[in-house]
Structure formats: C-alpha cells, structure tokens
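Here's the structure, in structure tokens; my notes come after.
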Amino acid sequence: MTATLRIPEPFHPTSSPMEAARWTRRRKLATDLRAVTGRAYPRVIGLIREPSWLLFEILLPFLTTSAFVFVYRALQAPPEYVGFAVLGGAMTAFWLNVIWMMAAQLYWEKDQGNLDIYFTAPVSLMSVLFGMAIGGLFSSCLRAAVVLGVGTVLYDVVFTVEQWGLLIGVFLLTLGALYGLGMVLASLFLLFGREAWHLTQAMQEPVYFVSGLNFPVGRLGMLGFLAIALIPLAVGLDAIRQLAFAGSAAHVGTPSPEVEALILVAMVVVSLALARAMIHRLEWLARSEGRLTVRGG
Amino acid sequence: MSAPAAPATPSSIDDLPPAIEVRGVRRVYKAKPNPVTALDGVDLDVAPGELFGLLGPNGAGKTTLIKILTTLLLPTDGTARVFGFDVARQTTEIRRIMNIVSGGEQSGYGLLQVREQLWMFSQFYGIPVREGWRRVDELIDAVGLQEQRHQKISSLSTGQRQKLNLARGLMNDPWILFLDEPTLGLDVSAARVVRDLVRGWQAAVPGRTILLTSHYMAEVDELCDRLAIVDHGRILALGTPTELKQRVSAGSIFRLVLDALEGGVEPIAALPGVERAVLAADDATAPDGQTVAVNLQLTDDAVLGSVITALAAQDAHIVALQKSEPTLEDVFVELVGRGFGDAPEGDR
C-alpha cells in the first residue's frame, strides 16, 4: 500500500513555537474538558462494543442480591430489607468499578504505553483521572440502573421517599466520594503495583461486610460507625437507604442522612485534594526517578 | 508554574531560539548494585527547521535524551531547552509545541477503531470535536490507513500500527517532533511511507524541527541534515552525514556477503593490510537472515586477495562482494572500535 502523502494543513496556525505555547485560560480549560471527554470515550465505546459485561457485571452479581432477598423472605424480615439488598446490589456496581477498573487504570495505562502520552499531553493529569472516572461512572450507572430496575420489579420493592432533593444529592455525593477514592487508589496502584492489587483483593470482602452491603450497617455497632466515618460506600449506602425507606424502623444507630451528607462532602473534598496531590507527586517521581512511565520499568 | 517570558513573534526562523539546546546534561538512574549513567555530559544544539539524528547502538542514551527533552525525565545535572523553554520548569509550554512517536508504541485501546482512537487523542491536544474528526480523516489519508479506518486497533499490523502512531504524533501540529526509532520493526515499504511522511510534514512549514533517534544508519544518512553519534551516554561526533563520513581514513571499503562465517571476523581483522573487519549491523545487507555481511576496510584493493584466501580457509563462500563508500557505520566503528551489532546493553 502506498500513502497519498497529502500533508494536512495546520489546524491552528502559529507563526512561532513561542506563540503556539501561549494559551489563554479559556483554551487551557477547554483542552482539559476535552481531555475528560477523550479519556471517557473508550469506556463508553467499550460498553457498546463488548456486551459480555451484561453477563459478568449484571447477571452474576444479581444472583448474590437475589440470594439475600430469598434469605430475608425466608426469615420473614421487614419488607424494606429486600429493598436494602437491592440497593446494595445496585451500589456494588460503583464500588467494583472503583476498586478494580478505576484503581488499576493508571497501572494498566503505564503497561500499554499510554501514560507517556498523557504525561506529555498539554493537559492537567486531573482531567485524565476525571475522564477515567466519568467513563467508569457511565458504565456503572447503567449496571446499577439495571440491577435496581429489575430488582425492584422482580421483588416488589416499594420505596418511600420524602426528601427527593436530599436523596439525589446524597447519591451524587456518594459517587463523588467513591470516584475520588478511585482516583487516589489509581495513583497508589501505580506506585505500589502488585502489592496494592493484593491489598485491594484482600480488602474486598471485609469492605463489603463493614459497608453493610446487604444489611443495615447500624447493626454492626461501633464497627458500623467506623465504616461510616471512613468508607464512602458505607456512609453513602446508609444515607440512601434512610432516604429511600423513610420512617422505616430498620434504621437504627447511624447518623441522620443530613449528617451523613456532610461526611460525604468531607470525603469528596479530601479525596479530590489527595488525588491531585498524589498525581502531581507521581509525575515528579516519574520525572526524577524515571521508572513510572517506562514500560516494564 | 509561572508563565515563561514570551519572546516577540519572530518574522523568520532565523529569529527563533535554538530548537534544542542541551548543556552538560547528565542522567543517572538509580540501580542495583550500581547506578547507571545513561547520559554523561551531553552538549547539543539543534537549529529550528533541522532534521537532526541521534545515531547509536542500544543503550547509548538516545531514548534518555528524548525523554528529557519531552519532559518525561529530569536531567540529573545540566540544562536542556526546547525552543527556549526549560525542560525542568516550563513543561507546560513544551508540551504545547511538541509530540513524540516511538517505535513499537502500543498506545491506545485495542477495542477502538483507528478513527476513534485518533479522535480520542485529538481531544488531549484540545482540538474541537468536529475539527478533530476532520483532522483525523486527513491524517488517516496522509498515512495511508484509509482501508483500516474502521478497523479495531488490536487487529492492525505492526506497520499499520506505526502509521497510526505517526498520525497521532502529527495531530497537534507540533513545532518539534521527537521520533524514537520510528521505523523499528517495519518492513521496507512501511518504513518508506513513514520516512516520506516525516520529510513532507517537516518541509510543509519552515521551522518545524525533528529529532530522530535510530540505529538504522541508512535511515539517518538518508533523512538527517545533521546527526550526532552517541555511545555510552556521550556524543562522539557531530556533523552532516557527509562530514562524518569524510572522517573515515582513506582506503578501500568492501562489503562482503558470505554464506557463513563460523570462525568469526577476528582472523580476517588480524590479516596484514586489513584495517578493520566487522559484522554489518544494517539489516538490509543480509535480509534473508541466511547470510553474514562483513564490512572491511583495507589499506588498498590488493589486500582483498589475502582476505578471500583466509575466508576460503574458513570454508566461507562469498555470496556477494561490493566495493562501497564509507557509511555511518564505518564512522561509528572508527570512533568506537566496534560495530553496532557488538553493543552489549539494553535500551536506555
């Protein structure tokens, strides 16, 4: 095959490199936003192009949720417990996406040779992380929506929501805190590689347990409180349950949704600040030690 | 990071600062048991509009220098500037005017199609959405990937993959393009497309600069305005290909292709009148992998007789014999005392 060798015209002609290097704030912001879109793009395309996720990410986890539903019914637990399990199943989508896909992403990007390109692109590295998060959110939202929708219909879950605004706010804050944590984990994974991977693997089930994924976290007493203070999934899920099943007698021993919303705000702020500091630290380490961006290095 | 002092817009490329200005750059990697010095006091100037080559064997330090100039690495000592911007402090400015393409690069996401992948990268350079798609199509045409436009990245051949990488590298109209072994592993035809495209792209706008690293001597000889020969982190010689080849002392240079050379080149090199005998590193001399190519430098043509006799004694048969002009490999051997193929270390 022969190339036609028609050299494209410059899309943004400049008369010198110095002029080309001078960007307005608006152009810088626009480029960062475009980088978010660009990085989210492959995840969205992947969702459409590889439907196997329907089986692995929806059907199989839904079986776990269903198992809890049947146990609660067999024990004649209050009906909202079925709803708790369905909500927990839906929120699992985000948690799994954060600790596996999001956390491993930079490590994987390095392996692919993409990290060099991201580091040398004229964008903030935070926009790359945001792009990863938004791409992950897109696929996880779909999965969560399917689990919630099917679970609600199949198991006759009846929600009693009195504060829609707060419920939506808490949900968004939970996502913000979860994906903020994912951004931090992404940097840690890149720094510590397999050790971080093993740690996450070891922590998966304990986090499920202390987050009260399939039961009210308040039942864990002090351990539940600790989880609410530290784990976005635990505090977010508990607040969502309180708001989705208002007035239920099952909510015992945990702070009010308003307080939990404040905890989530703090988690979002801290995790984003930490993620920003860590990615800059990573870049500095990469440049000074020369190992992080080198494939296999 | 504070904004750089913005120089006035020049009226011609003569007014531009050096495209690359490297002073006393050292780079030491921490390693066990001993630190590795990849660059050891490199000084280099590349003018705007030049196509400059770094020629050296694996491990010479070429990639390290490129990583420093592309802001991926900090120098341990010394300073480096790209169009006047300091690589240590003005990374943002440098990233806005440069791009890098490496040989064997596997960047991107296998499930994306060629068009989608390029568009994705266009977003990292801030190209508006529609403009990005238009530019992607232009670049696909330019590199000759029209038929693969909707093919998944994971199914591309090595050559197609490298054309895609080059298209990505040209996406943001860089003022300076770093090409690190861009034709590594490509067949002759794909390598030709890459070289033609690089040359055409550079010629289209005065001031566009290319720094090319390669261990293919013919490629550097053909493409570069000037080059530096690098080994063990030092620049050994610098000049135009013609200037460098003139450094090789007078004598007769032959290229012998043999069916085998089980006794090695040492017995030949030891013959009276043989100034140098090395195995050729250039793949093109022995494309079938069945033959062995040897470069000879003799005091005069008459010495060839004793060489042929010595080869016959080794049961080595001549497949081809060519009297040739000095090559850059001859220059390298003259400077270093060994051929490229003898370099022991991995890439740095």
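Please treat every number below as a calculation from the coordinates, not as lab data. Model, not experiment: these values are computed from the prediction. Here the Cβ is made from the backbone with ideal geometry for all residues, glycine too, and neighbour counts use every protein chain on show.
Of B:Val336, A:Tyr118, B:Leu258, which is farthest towards the positive pole of the protein assembly as shown's charge dipole, taken about the Cα centre with +1 and -1 on the beta-carbons of Lys, Arg and Asp, Glu respectively? Positive-end residue among those listed: A:Tyr118. The GluC sites (Glu not before Pro) of segment B:110-144 include none that DSSP puts in a loop with a beta carbon having at most 16 other beta carbons within 10 Å. May I ask for the percentage of alpha-carbon pairs in segment A:114-198 that lie more than 21 Å from each other? Summing the P(r) of segment A:114-198 above 21 Å gives 50 percent of all pairs. Length, then width, then depth: along the principal axes, the Cα atoms of segment B:82-202 run 41, 33, 24 Å. The antiparallel fraction among DSSP beta bridges confined to the protein assembly as shown stands at about 65%.
State log₁₀ I(q)/I(0) for segment A:117-265 at q = 0.12 Å⁻¹ as given by the Debye formula over alpha-carbon point scatterers of equal weight, solvent excluded. Reported log10 I(q)/I(0), two decimals: -0.59. Enclosing the Cα atoms of chain A in their convex hull gives a volume equal to 175 cubic angstrom per residue.
I'm a student and want to see the number: the projected area of the Cα convex hull of segment B:252-325, averaged over all directions, in nm². Before the final figure, lay out the partial values.
Numbers: hull surface 17.2 nm².
One quarter of the hull surface, i.e. the mean projection, equals 4.3 nm².
Can you list which of the DSSP-assigned H helices in chain B have a Cα extent of 20 Å or more along the long axis and an average Kyte-Doolittle score of at least -0.5? Span-like helices in chain B: B:129-143, B:188-204. Output the 0 to 90 degree angle, nearest 10, between the alpha-carbon long axis of helix A:80-96 and the longest principal axis computed from the alpha carbons of chain A. Once rounded, one gets 20 degrees. Here the relative contact order of segment A:34-289, from alpha carbon pairs under 8 Å that lie six or more residues apart, stands at 26 percent.
Can you give me the relative contact order of segment A:179-297 as a percent, contacts being Cα pairs under 8 Å and 6 or more apart? Present the calculation step by step, with values, prior to reporting the outcome.
Values: 95 pairs, mean separation 35.9, N = 119.
Across segment A:179-297, relative contact order equals 30 percent.
Kirkwood Rh over alpha-carbon pairs of segment B:158-252, then Stokes-Einstein at 25 °C and 0.890 mPa s: what D in µm² s⁻¹, rounded to an integer? Provide the component values of the computation, followed by the final result.
Working: Rh = 14.6 Å.
For these conditions, the coefficient is 168 µm²/s.
Panel values: chain B, Kirkwood radius from alpha carbon pairs, Stokes-Einstein at 37 °C and 0.692 mPa s, translational diffusion coefficient 150 µm²/s.
D for segment A:63-188, whole µm²/s, Stokes-Einstein with Kirkwood Rh over alpha-carbon pairs at 20 °C and 1.002 mPa s: what number? Don't skip to the answer; put the middle values down first.
On the way: Rh = 16.4 Å.
Approximately 131 µm²/s, per Stokes-Einstein.
Computed from Cα atoms, the angle from the helix A:25-49 axis to the main principal axis of chain A rounds to 60 degrees.
For chain A, the longest principal axis of the C-alpha atoms and the axis of helix A:125-154 are separated by about 30°.
Enter the mean number of other protein chain beta carbons within 10 Å of the beta carbon of each residue in A:216-222, as an integer.
Average neighbour count from other chains, rounded to a whole number: 0.
For n ≥ 4 DSSP H runs only, could you compute -39500 (n - 2.57) per run for chain A, divide by its residues and tell me the 222 nm figure to the nearest 500?
Values: 12 runs with 210 residues, N = 297.
So the helix-based figure for chain A works out to -24000 deg cm²/dmol.
Rounded to the nearest 20 debye, what is the charge dipole size of chain B about its Cα centre when +1 sits on each Lys and Arg Cβ and -1 on each Asp and Glu Cβ?
Working: 33 positive and 45 negative charges, 309 e Å.
Computed charge dipole of chain B: roughly 1480 debye.
Would you mind checking B:Lys62/B:Lys163; B:Lys32/B:Lys67; B:Lys163/B:Lys245 for any pair whose Cα atoms are more than 28 angstrom apart? Provide the component values of the computation, followed by the final result.
Working: B:Lys62/B:Lys163 22 Å; B:Lys32/B:Lys67 22 Å; B:Lys163/B:Lys245 31 Å.
Violating the 28 Å limit, Cα to Cα: B:Lys163/B:Lys245.
Kirkwood radius, the protein assembly as shown, all distinct C-alpha pairs, inverse of mean reciprocal distance: 27.9 Å.
So how strong a dipole does segment A:34-289 carry about its Cα centre when Lys and Arg Cβ are +1 and Asp and Glu Cβ are -1, to the nearest 20 debye? Intermediate results must be reported in sequence, preceding the final value.
Working: 13 positive and 15 negative charges, 64 e Å.
Dipole of segment A:34-289, to the nearest 20 debye: 300 debye.
Normalising the average separation of contacting C-alpha pairs (under 8 angstrom, six or more residues apart) by the number of residues puts the relative contact order of segment B:252-325 at 51 percent.
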